[in-house]
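Chemist: One structure coming up, written as structure tokens, with questions to follow.
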Amino acid sequence: MEMHKILVTALILTITMIFGGTAFAEFPDKPVTVMVPYNPGGGSDSSARVMAKYMAKYLDNPVIVSNKPGGGGFSEPARILKTRTMHNGYMLMLLGGINVYPELYQQSYPYVYKDFRPIGNISLSIGCIAVAADSPYKTLKDFVDAAKASEKPIKYSRAAAGGTSHITPVLLSDTYGVPLEDIPYNGDSDSATALLRGEVEVCSANPAALIPHHQGGTVRILAVFAPTRMAALPDVPTFEEAGFSLPISALSPIGIFAPADIPEDAAVKLSNAMLEASKDPDFSVDMNRMSLFPYVVVGEDYDKQMEEFASIIGPIIKKVGLYK
């Protein structure tokens, strides 16, 4: 009888150790992964890596960034949302506006915004308008006036359709009646190269692709499409400062999302870790060093921001006919 009690006690202790160490462990008790559906090295990827570095400090666990490009950035989020075992808080997604809101862009994919739980925004995708250093356009107004007076639309280079480099001049053109002709390139780097080679008069791109040339004196950035001036470009005005207010102050929030049914405690801890990371003085230093525009908003506030973004950008996309 005594031996039976000992065996039962041992069994209870074993079960307690097993479940107490795994199933009932406090989140997180292992590395968290942030999936980035874009190529390494871009602004979105860099934003994810800076945030991951600082989130790890406040989660007391590694945060790993994994690049899974393909399918226009839609395939991997769709796979994660479909795979129930990835809904536990350990698999997150770094997404821009077009991939988290496919319904706004009239894209037919097996998910919509409500399938996600917004964890927190990291940065804003900033646009800019630039010309060669020897261009007669010294300001954004010079360029707009010249475009309006030109007998044919002025050509500008830009990257992917529907991205910030595309929508920025489209908004300018639509809002102020500026005739422009877009020449698409494979990415911001190619777009910047086209400007340097004289293939186009104007370039629309993420400032990160043009800042080295601006600082080197071969390119002049006329204005940035951002709420405030960039720390890396203190001499360059915003569109509004240059006299051209647009319907929205910046495009495509870039942030972290989880599947909508993530455990509540995990979602809260992840959001809090992002907020604490943003308060770290070195966080802004790292973001600015990489020519990124930090803009951290978490939880419900982030959800409200995304809803506001959708209410503004949705009608604009439809109006200018970016997607048929």
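Chemist: If you scan segment 188-202, which residues turn out to be surrounded by fewer than 19 Cβ atoms within 10 Å (Cβ to Cβ) and either of a type outside the set (A, V, I, L, M) or under 10 Å from residue 165 (Cβ atoms) (or both)?
Modeler: 189, 190, 193, 197, 198, 199
Chemist: Just give me the residues in segment 46-70 being more than 18 Å from residue 282 (Cα to Cα) and either of a type in the set (A, V, I, L, M) or without any contact (Cβ under 8 Å) to a residue 24 or more places away in the chain (or both), in sequence order.
Modeler: Hits for segment 46-70 are 64, 65.
Chemist: Going through segment 80-130 one residue at a time, which ones are over 20 Å from residue 67 (Cα atoms), hydrophobic (A, V, I, L, M, F, W, C) and modelled with pLDDT of 95 or more?
Modeler: 129, 130
Chemist: All but one of (1) in contact with a helix residue (DSSP H, G or I) (Cβ under 7 Å, 6 or more places away or on another chain); (2) closer than 29 Å to residue 314 by Cα hold for residue 231; which doesn't?
Modeler: (2)
Chemist: Does residue 8 count as over 18 Å from residue 298 (Cα atoms), modelled with pLDDT under 90 and of a type outside the set (S, T, N, Q)?
Modeler: Yes; evaluated as a whole, the condition is true for this residue.
Chemist: Out of the residues in segment 53-108 that are of a type in the set (A, V, I, L, M, F, W, C) and more than 26 Å from residue 307 (Cα to Cα), state the one that is surrounded by the fewest Cβ atoms within 10 Å (Cβ to Cβ). Can you show your working first?
Modeler: First pass over segment 53-108, keeping only residues of a type in the set (A, V, I, L, M, F, W, C): 55-56, 59, 63-65, 74, 78, 80-81, 86, 91-95, 98, 100, 104.
Then keep just the ones that are more than 26 Å from residue 307 (Cα to Cα); that gives 56, 59, 63-65.
On the way: 56: 17, 59: 21, 63: 25, 64: 13, 65: 20.
Only one residue tops the list, namely 64.
Chemist: Suppose we filter 315, 281 for residues that are without any contact (Cβ under 8 Å) to a residue 60 or more places away in the chain and farther than 22 Å from residue 56 by Cα; which single one remains? Give the derivation first.
Modeler: Numbers: 281 fails: farther than 22 Å from residue 56 by Cα.
That would be 315, the only listed residue that is without any contact (Cβ under 8 Å) to a residue 60 or more places away in the chain and farther than 22 Å from residue 56 by Cα.
Chemist: Here is a further query. Give segment 213-230 a look and list any residue that's touching a strand residue (DSSP E or B) at 6+ places or on another chain (Cβ under 9 Å) and surrounded by fewer than 19 Cβ atoms within 10 Å (Cβ to Cβ), or say none. Full working, then the answer.
Modeler: First, the residues of segment 213-230 that are touching a strand residue (DSSP E or B) at 6+ places or on another chain (Cβ under 9 Å): 213-214, 218-230.
Matches in segment 213-230: 218, 227, 228, 229.
Chemist: I'd like the full set of residues that are assigned to a helix (DSSP H, G or I), closer than 24 Å to residue 232 by Cα and among the small types (Gly, Ala, Ser), limited to segment 272-312.
Modeler: Result: 277, 278, 284.
Chemist: For segment 246-260, enumerate the residues that are β-branched (Val, Ile, Thr) and modelled with pLDDT under 85. Walk me through it before giving the result.
Modeler: Narrowing segment 246-260 to residues β-branched (Val, Ile, Thr): 248, 254, 256.
Within segment 246-260, 248 is the sole residue that qualifies.
The values are calculated or read from the model by the stated rules, or taken from the named source; none is laboratory data. As the structure is a computational prediction, the values presented were derived from the model and not from experiment. For neighbour counting, all protein chains shown are included, and Cβ atoms are generated from backbone atoms with ideal geometry for every residue, glycine included.
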